[in-house]
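> Quick one: the structure is below, and I'll ask about it shortly.
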Amino acid sequence: MSTPLLGVSLMDRDHETLDRLFARASETEDAGLPDALEAIATELGAHFAREEALMTEARVPILLCHLELHAQLLREVEKMRDVISSLDTDTARQMVRVILPGLVANHVATADTASASFLR
Ligand SMILES: [Fe+2]
Ligand SMILES: [Fe+2]
């Protein structure tokens, strides 16, 4: 899965980094899934902070809505981190390789795409 480019270098660079982490998670052995989730969680938090700074600086409209979506996504990731060690392998795989990349892809396709139009 490759994230569409939005024409905003910080966003595109960071989204590509996340894509690489998701690709790595899909190749990692099952025992490595918690570590893969940790790496994704850390990068996602750092990405959101950079993206928020950029949008704040540029006074992007409906910023609070975008910030809330980031906070919601980070809360979902926190829940995943809390439960991953107690999940069966199939469910853990599904969560890290399908559900989480899907949530991020959906965020990029909606909130990020809307905000990017004010950053180009
Ligand atoms: Fe983003
Ligand atoms: Fe975003």
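> Counting only heavy atoms of the protein chains, get the accessible area per residue of the chain (1.4 Å probe) and round it to a whole Å² value. Intermediate values should be presented prior to the final figure.
Details: 6720 Å² over 120 residues.
So the chain comes to 56 Å² accessible per residue, rounded to a whole number.
> Could you tell me the center-to-center distance, by alpha carbons, between segment 1-57 and segment 67-120 in angstrom?
The two parts, judged by their Cα centres, are 10 Å apart.
> Within 10 Å, count the other beta carbons around each residue, average over each peptide in 107-119, 78-90, and list them highest first. Let's see the in-between values first.
Details: 107-119: 16.8, 78-90: 11.9.
For the peptides 107-119, 78-90, the packing ranking is 107-119, 78-90.
> How fast does the chain diffuse by Stokes-Einstein, in µm²/s, taking the Kirkwood radius from C-alpha pairs at 10 °C and 1.306 mPa s? Don't skip to the answer; put the middle values down first.
Values: Rh = 14.7 Å.
In µm²/s, the coefficient is 108.
> For segment 1-56, what is the Kirkwood hydrodynamic radius in Å, using each pair of distinct C-alpha atoms? Please report the intermediate quantities before stating the final value.
Numbers: mean 1/r = 0.0834 Å⁻¹.
For segment 1-56, the Kirkwood estimate is 12.0 Å.
> Just the number, please: carbon plus sulfur as a percent of the accessible area of segment 9-116, 1.4 Å probe, no ligands or DNA/RNA counted. Intermediate values should be presented prior to the final figure.
Working: 3170 of 5770 Å².
So the carbon and sulfur contribution to the accessible surface is 55 percent.
The values are calculated or read from the model by the stated rules, or taken from the named source; none is laboratory data. Because the structure is predicted, anything quoted here is derived from the model rather than measured. Backbone-built Cβ (ideal geometry, glycine too); neighbour counts: all protein chains shown. For the accessible areas, the whole protein counts, side chains as well, though only heavy atoms, and no ligand, DNA or RNA atoms are used. Shrake-Rupley method; radii C 1.70, N 1.55, O 1.52, S 1.80 Å.
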